[in-house]
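Below is one structure, written out as structure tokens; comments come after it.
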Amino acid sequence: MIVGLANSFPADAVERAVPDVASARRLVGAQRTDVGVLLAARRDLLLGAFGNALLPDLDRCEDALLLALARFGVRHGSWGSDFHHYHNENHALEVLDGRLGQLLKHAGTDALDARDWLALSLFAACHDLRQREVLDFSHPIGNNEAASIAETARILELAGFDATRDRRLFLALQLMIAGSTFDARPAPPTAESNSAELAASGGALAPKLPAILDAERPGWREDADIVRAVELAQIASDLDTANVAEPLVWLAESASRLCQEREMRFGRALDSAESAQPCAGFLSTGQERYFFDLHRFCSALGRTTFEPGKRANAQHVRAMAAQIGTARFDTGADALRAFSALALARG
């Protein structure tokens with residue numbers, strides 16, 4: 001690991017159940033025929049822009065995407081037994097299709113190198129692969145992200161990439177996934193003494209990566225591959241958090257999914273009274289803090305593509321937070337229904 005974490009996250013039962021590209025291709029083909037349509041359209045776009053010289057890497061990228069999507073769907077998604085409402089194959093596809101697609105359309109294919117587009121595509125499918133790792137705040141990179149990085153490296157190798165020949169890609173995926181760590185804890189009084197504290201001011205880790213690398217890997221700016229990986233991490237972070245810029249109903253839907261997943265992880269039933277206050281808090285002050293305090297676009301491409309949508313949502317997020325925050329609900333499900341109704345009325 002480029003920032004000092006050991007590769008200590010071995011293969012799990014899902015990796016063994018979906019061991020190779022062939023099994024992944026069969027699974028995704030049976031479960032989601034739309035994925036093939038998406039990949040074919042993206043292939044035509046990239047080959048039209050960059051030519052057939054891209055074909056070997058594009059083929060390997062598609063294989064890796066399919067393997068990551070299949071494992072994600074089985075591990076935490078619609079095709080397995082540990083369903084997460086937010087972190088599942090649909091989130092990977094909303095980043096790969098909707099948000100990356102919007103960036104491609106807005107910025108144009110010539111805004112980035114061909115293989116940078118492939119790296120961002122792989123980020124979409126791989127960045128949330130693991131969601132059940134033990135929390136550990138001793139290092140700025142979350143354990144879920146560190147485990148996802150480790151599995152991503154194995155996926156890349158299974159798809160035919162080589163860690164030496166394709167060093168730039170492996171480094172980019174490491175730092176993009178590391179940068180997707182999102183810390184919603186309150187900031188500490190100081191953030192000066194070590195790399196963990198440097199990252200503890202909240203929000204996405206991506207914009208803090210240069211300071212962390214300065215502390216843990218001095219001289220990194222002399223390595224062009226690492227410099228480019230840090231730049232791509234900023235774009236990847238903007239793709240991951242661009243729900244703030246989506247139509248209000250979609251923004252509310254993503255917040256609702258995350259709220260449901262949070263309650264599941266805490267073991268609270270949505271139709272119980274004990275979930276009422278946590279859900280209302282998450283959907284009111286929690287969303288307001290995320291939108292206005294924790295979230296920042298950190299790349300020029302991200303800002304120009306998504307900032308107008310975020311500005312359009314700002315007044316609605318404040319108003320909805322105020323309405324949910326002052327209401328009283330019997331259950332978490334009631335709070336979720338009220339939140340969705342407000343978004344529909346305003347959207």
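Among the residues that make up region 215-223, is at least one of them assigned by the TED database to the domain that holds ARG168, touching a Leu at 6+ places or on another chain (Cβ under 6 Å) and assigned to a helix (DSSP H, G or I)? Yes: one or more hits.
Considering only residues that are closer than 15 Å to HIS76 by Cβ and without any contact (Cβ under 8 Å) to a residue 60 or more places away in the chain, which ones fall in region 131-141? Break it down stepwise before answering.
Step one: filter region 131-141 for residues closer than 15 Å to HIS76 by Cβ, giving 131-133.
Once the filter is applied, which keeps residues that are closer than 15 Å to HIS76 by Cβ and without any contact (Cβ under 8 Å) to a residue 60 or more places away in the chain, region 131-141 yields GLN131, ARG132.
Quick check on my filter: what residues within region 325-336 are surrounded by 14 or more Cβ atoms within 10 Å (Cβ to Cβ) and either among the charged types (D, E, K, R) or modelled with pLDDT under 95 (or both)? Hit for region 325-336 is ASP334, nothing else.
State yes or no: is ALA255 surrounded by fewer than 17 Cβ atoms within 10 Å (Cβ to Cβ), at negative phi and not assigned by the TED database to the domain that holds GLY77? Full working, then the answer.
Values: surrounded by fewer than 17 Cβ atoms within 10 Å (Cβ to Cβ): no; at negative phi: yes; not assigned by the TED database to the domain that holds GLY77: yes.
No: the conditions fail for ALA255.
Among the conditions (1) in a helix (DSSP H, G or I); (2) over 15 Å from SER237 (Cβ atoms), the only one that ARG132 does not satisfy is (1).
Collect the residues in region 303-324 that are of a type in the set (Ser, Thr, Tyr) and surrounded by fewer than 18 Cβ atoms within 10 Å (Cβ to Cβ), keeping them in residue-number order. Before the answer, list the steps.
Within region 303-324, the first condition is being of a type in the set (Ser, Thr, Tyr), and the residues that meet it are 304-305.
Result: THR304, single match.
From the list ALA41, ALA17, ALA13, ALA107, the lone residue that is surrounded by fewer than 16 Cβ atoms within 10 Å (Cβ to Cβ), over 22 Å from LEU158 (Cα atoms) and at pLDDT 95 or above is ALA41.
Report, by residue number, each residue of region 11-25 that is among the charged types (D, E, K, R) and not in a loop (DSSP other than H, G, I, E, B).
So in region 11-25, the residues among the charged types (D, E, K, R) come out as 12, 15-16, 20, 25.
Within region 11-25, GLU15, ARG16, ARG25 qualify.
If I go through region 232-252 residue by residue, how many of them are part of a helix (DSSP H, G or I) and loosely packed, with under 15 Cβ neighbours inside 10 Å? Counting residues in region 232-252 that are part of a helix (DSSP H, G or I) and loosely packed, with under 15 Cβ neighbours inside 10 Å gives 1. Condition check for LEU55 on (1) within 22 Å of the chain's Cα centre (by Cα); (2) surrounded by fewer than 18 Cβ atoms within 10 Å (Cβ to Cβ); (3) outside any loop (DSSP other than H, G, I, E, B): one failure, at (1). Scanning region 199-207 for any residue that is within 21 Å of LEU66 (Cβ to Cβ), outside any loop (DSSP other than H, G, I, E, B), in the same structural domain as ALA236 (by the TED database) and modelled with pLDDT of 95 or more turns up nothing. Write out, first by first residue and then by second, each pair whose Cβ atoms fall under 8 Å of each other, whose residues are 6+ apart or on separate chains, and whose first residue, in region 311-337, is farther than 9 Å from SER284 by Cβ and touching a residue at least 24 places away in the same chain (Cβ under 8 Å) while the second is open to solvent by less than 60 Å² (accessible area, probe 1.4 Å) and among the basic types (Lys, Arg). If the second residue must be open to solvent by less than 60 Å² (accessible area, probe 1.4 Å) and among the basic types (Lys, Arg), the pairs left are GLY332/ARG268.
Condition first: open to solvent by less than 20 Å² (accessible area, probe 1.4 Å) and either over 20 Å from LEU54 (Cβ atoms) or in contact with a Phe, Trp or Tyr (Cβ under 6 Å, 6 or more places away or on another chain) (or both). Now tell me which residues in region 160-178 satisfy that. Hits for region 160-178 are LEU175, MET176, ILE177, ALA178. Can HIS84 be described as assigned to a helix (DSSP H, G or I), open to solvent by less than 50 Å² (accessible area, probe 1.4 Å) and under 30 Å from TRP250 (Cβ atoms)? Spelling it out, it is not the case that HIS84 is assigned to a helix (DSSP H, G or I), open to solvent by less than 50 Å² (accessible area, probe 1.4 Å) and under 30 Å from TRP250 (Cβ atoms). For region 28-37, state whether one or more residues are under 16 Å from ILE155 (Cα atoms), surrounded by 19 or more Cβ atoms within 10 Å (Cβ to Cβ) and either out of contact with any strand residue (DSSP E or B) (no Cβ under 9 Å at 6 or more places or on another chain) or touching a residue at least 24 places away in the same chain (Cβ under 8 Å) (or both). For region 28-37, residues under 16 Å from ILE155 (Cα atoms), surrounded by 19 or more Cβ atoms within 10 Å (Cβ to Cβ) and either out of contact with any strand residue (DSSP E or B) (no Cβ under 9 Å at 6 or more places or on another chain) or touching a residue at least 24 places away in the same chain (Cβ under 8 Å) (or both): present.
The values are calculated or read from the model by the stated rules, or taken from the named source; none is laboratory data. Predicted, not measured: the structure shown is a model, and the values here were computed from it. Don't worry about glycine lacking a Cβ; one is built from the backbone with ideal geometry, like all the others, and counts go over all protein chains shown. With ligands, DNA and RNA removed, areas are computed over all heavy atoms of the protein, side chains included. Shrake-Rupley method; radii C 1.70, N 1.55, O 1.52, S 1.80 Å.
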